[in-house]
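Take a look at the structure below.
The values are calculated or read from the model by the stated rules, or taken from the named source; none is laboratory data. Please read all numbers here as calculations on a predicted model, not as lab measurements. Don't worry about glycine lacking a Cβ; one is built from the backbone with ideal geometry, like all the others, and counts go over all protein chains shown.
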Amino acid sequence: MTTVKQILDNKGHETYNVSPGATVFEALQIMADKDCGALMVLDSDGKLVGMFSERDYARKIILHGKSSKESIVEDYMTTELTTARPESTTLELMAVMTNKHVRHIPVLDHNKLAGVVSIGDVVNAIIKEQDITIKDLEKPDSMKSPFVQGNRISVKGYISSNGILEETVLDLSTEDTIESDLNELSRGVDRPFIFVSHSPPFNTPLDVIYDGNHVGSMSIRKFIEKWSEKGLLIAAFHGHIHESPHRSGSIQTIIGDVLCMNPGQGNGEGAEFRYVIFELSGTRIFLAS
């Protein structure tokens with residue numbers, strides 16, 4: 001299990017700091033120059049007395065219409081800090097970050113600031129401890145679980161854009177996730193609908209890769225379960241894991257009361273055309289895959 005000390009030894013112990021008497025504007029300038037989301041607030045003796053983050057600025061300054069040039073860091077910094085020790089493990093930090101909704105944790109060694117660990121640092125460390133590679137995941141599943149526990153994703157990979165492979169880097173600290181996409185796309189839905197997604201739901205006959213491992217999305221599975229309970233989701237269609245029907249022996253599964261399908265099409269031997277016909281309130285809908 002990776003420890004905080006190992007993370008800091010790898011990334012460095014440097015911290016970006018600001019004094020309590022600095023203006024919020026000065027703090028923002030430092031964050032912009034250093035491209036960081038939080039600053040440690042140290043007093044004249046070098047003692048950690050707080051932390052000032054982008055979240056503090058947004059919630060305590062902007063929302064109240066206050067001026068950053070007239071506001072002092074000391075008045076708006078977070079003083080009730082969650083800290084870690086060098087011997088703390090990555091799983092301990094992930095649990096704390098998830099439960100307390102924090103993205104940066106100062107590390108104290110004998111009450112002295114020894115570094116800062118971010119959620120991105122923790123996720124990347126956890127990834128290196130795992131054994132399984134998720135097939136072509138292009139963004140994190142959710143903020144709480146960027147990937148299904150027990151699976152590992154490649155931080156660097158390639159995506160296809162207009163038929164051309166382009167190198168991409170997966171940002172594991174971003175709030176742009178599959179879960180956030182689904183929440184945005186389903187906002188205001190008040191009538192029956194059919195759901196189509198490239199990735200299949202996790203741990204089903206639809207997401208089994210060649211070696212027998214399940215590599216689908218937990219967020220997509222939860223989305224199907226949620227809308228099945230609401231009685232508005234008619235069916236869900238998926239793809240991506242083309243070998244899944246051959247490995248699992250099925251092109252379909254039921255989640256809640258929703259029919260989910262992965263035709264498993266390919267261009268090789270045995271590929272065939274599949275289709276589904278629905279009868280909805282007397283209107284016939286023809287769907288081909």
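At a glance:
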{"read-out": "Filter result for I220 (part of a helix (DSSP H, G or I), among the aliphatic types (A, V, I, L, M) and within 17 Å of the chain's Cα centre (by Cα))", "value": "yes"}
{"read-out": "Test for I220: is it in contact with a helix residue (DSSP H, G or I) (Cβ under 9 Å, 6 or more places away or on another chain), at pLDDT 90 or above and surrounded by fewer than 21 Cβ atoms within 10 Å (Cβ to Cβ)", "value": "no"}
{"read-out": "Members of the range 223-255 found to be surrounded by fewer than 20 Cβ atoms within 10 Å (Cβ to Cβ), closer than 21 Å to D141 by Cα and free of Cβ contacts under 8 Å to residues at least 40 places away in the same chain, listed by number", "value": "E225, K226, S228, H242"}
{"read-out": "Top-ranked residue in the range 90-102 [being surrounded by fewer than 19 Cβ atoms within 10 Å (Cβ to Cβ) and in contact with a strand residue (DSSP E or B) (Cβ under 9 Å, 6 or more places away or on another chain); ranked as nearest to C36 (Cα to Cα)]", "value": "V96"}
{"read-out": "Candidate set from the range 252-289 (those that are touching a helix residue (DSSP H, G or I) at 6+ places or on another chain (Cβ under 7 Å) and closer than 20 Å to D211 by Cβ); member that is modelled with the highest pLDDT", "value": "N262"}
{"read-out": "In the range 76-89, residue surrounded by the most Cβ atoms within 10 Å (Cβ to Cβ) [restricted to those that are among the polar types (S, T, N, Q) and closer than 24 Å to A58 by Cβ]", "value": "T78"}
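Yes/no matrix, rows are residues, columns are (1) closer than 21 Å to V122 by Cα; (2) at pLDDT 95 or above; (3) surrounded by fewer than 17 Cβ atoms within 10 Å (Cβ to Cβ); (4) aliphatic (A, V, I, L, M):
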residue: V18; (1), (2), (3), (4): no, yes, no, yes
residue: S44; (1), (2), (3), (4): no, no, yes, no
residue: A58; (1), (2), (3), (4): no, no, yes, yes
residue: H64; (1), (2), (3), (4): no, no, yes, no
